[in-house]
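In what follows, a single structure is set out as structure tokens and then discussed.
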Amino acid sequence: MEYTIEYYSEAVEEAILNLPDGLLARYLRLTDLMLEFGPNLGTPHTKAIGDGLFELRVKSKEGIARVFYCTKIGKIIIMLHVFIKKSQKIPKKELEIAYARMKEVKKI
């Protein structure tokens, strides 16, 4: 059984689809790999943040984006939150949004 990708909300899916062209192309390529090989592509593409939260590291000439995601039983990958990265560290606000959404999705 192959993996499937779902989105936390239509707003998250729309935000991802509205990424600059180069970032969107890279996102689509990486998610194709995730559908085939699973959610852990390894560095530099994916990274575990902790407590079941992961980040998809999308990079192109337009900049850097991060898409937070988690997994559910049944080979489902859920994209929780996206943002354009402007500093070295992940902003606390962005992490809080992702963790809150993951808890809601997993009903923790």
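Descriptive notes on the structure:
- Cα shape, the stretch 1-61, gyration tensor, a/c 1.5 rule: rounded
- Distance between modelled label sites at residue 2 and residue 100, nm, 7 Å Cα→Cβ extension: 3.5 nm
- Accessible surface calculations at 1.4 Å, restricted to protein heavy atoms, place the stretch 1-78 at 57 Å² per residue.
- Helix-only mean residue ellipticity at 222 nm for the chain, each DSSP H run of n ≥ 4 adding -39500 (n - 2.57), per residue, nearest 500: -12000 deg cm²/dmol
- Protein accessible area in the chain, 1.4 Å probe - carbon and sulfur %: 53 percent
- Computing Rg/Rh (Cα atoms, Kirkwood Rh) directly from the structure and comparing it against (1) 0.96; (2) 0.93; (3) 1.09 singles out (2).
- A simple charge model with +1 on the Cβ of Lys and Arg, -1 on the Cβ of Asp and Glu and nothing else charged puts the dipole of the chain at about 540 debye relative to its Cα centre.
- The stretch 55-104-the stretch 12-51 distance, computed between alpha-carbon centres (Å): 9 Å
- Among 48, 15, 73 the positive-end extreme of the charge dipole of the chain (Cβ point charges): 48
- Modelled spin labels at residue 28 and residue 107, positioned 7 Å past Cα toward Cβ, are 3.5 nm from each other.
- Order by protection proxy (mean Cβ within 10 Å, highest first), peptides 75-87, 92-104: 75-87, 92-104
The values are calculated or read from the model by the stated rules, or taken from the named source; none is laboratory data. For clarity, every value in this text was computed on a predicted model and none was experimentally measured. Heads up, the Cβs are rebuilt from the backbone with ideal geometry, glycines too, and the neighbour counts pull from every protein chain shown. Only protein heavy atoms, including side chains, enter the accessible area calculation; ligands, DNA and RNA are left aside. Shrake-Rupley method; radii C 1.70, N 1.55, O 1.52, S 1.80 Å.
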